[in-house]
Amino acid sequence: MGLRRRSGDDARSADPTATPVPDEEAAAPAKAKKEKEKGRRRKAKDDEAEVDHGRRPLTAARAKRLIGVGKAVAPLLAPYALAIAGVARARWDAHRAARLGVDPGQLSAYAGPGGALHARLSRVAEALNELESSSQLHPTPAARTFAAETRPRLADLSVAVRAAEQMPSARRRTAYRAIAGELDRIETDLLTHLGITT
């Protein structure tokens, strides 16, 4: 008959109940080993990426090391930090004083929410004194009368600024706008008496 006999390998592969060949059993641990190695490489690559981006995990040993370095370096850098802070504070005070139009030594007198208005009031009062008493300006009788009439108004505005400092912020801003508008009118009149038209 023309039946050909199957070889042993063909017969085993066709039979699902056949026991595995020793080659397959040896391949299973090798496959698991390869998978483990791939996992290690992947983890090492992830760790390298974290190190590259500066995101190393903070461990207890690393934290202790950083604290030790900080303790050693802080006393060396403290005097420089204090000097830099002092220079920055002096520059900030000079900037604020220039914005208010006063000397940096007078800055504490014009602190608080109404400080800018107090500074304006004091500058207008000084200008009125100069208008009234300066021999170089040759004040007219109208200028003297303006100065005499404006001084009590400046005192009233100064009291209003101090009173507005205790108000809630919305009402305080409204009061400050009204006081600033009155000061604008006084300054315009002062410039007119000084011969400057705006």
To the nearest 0.05, the calculated FRET efficiency linking ILE84 and LYS64 through their beta-carbon distance, R0 being 25 Å, is 0.30
Out of the total accessible area of segment 74-169 (probe 1.4 Å, heavy atoms of protein only), what percent is carbon and sulfur? 60
Compute the Cα gyration tensor for segment 125-198, then decide on rounded, prolate or oblate, letting a ≥ b ≥ c be the square roots of its eigenvalues: rounded whenever a/c is under 1.5, prolate when a/b is larger than b/c in the other cases, and oblate in all that remain. prolate
Full-extension gain in nm, ASP156 to SER169, via 0.36 nm per residue minus C-alpha separation: 2.6 nm
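The values are calculated or read from the model by the stated rules, or taken from the named source; none is laboratory data. These numbers were taken from a predicted model, which means no experiment stands behind them. In this analysis, Cβ positions are derived from the backbone assuming ideal geometry, glycine residues included, and neighbour counts consider all displayed protein chains. Only protein heavy atoms, including side chains, enter the accessible area calculation; ligands, DNA and RNA are left aside. Shrake-Rupley method; radii C 1.70, N 1.55, O 1.52, S 1.80 Å.
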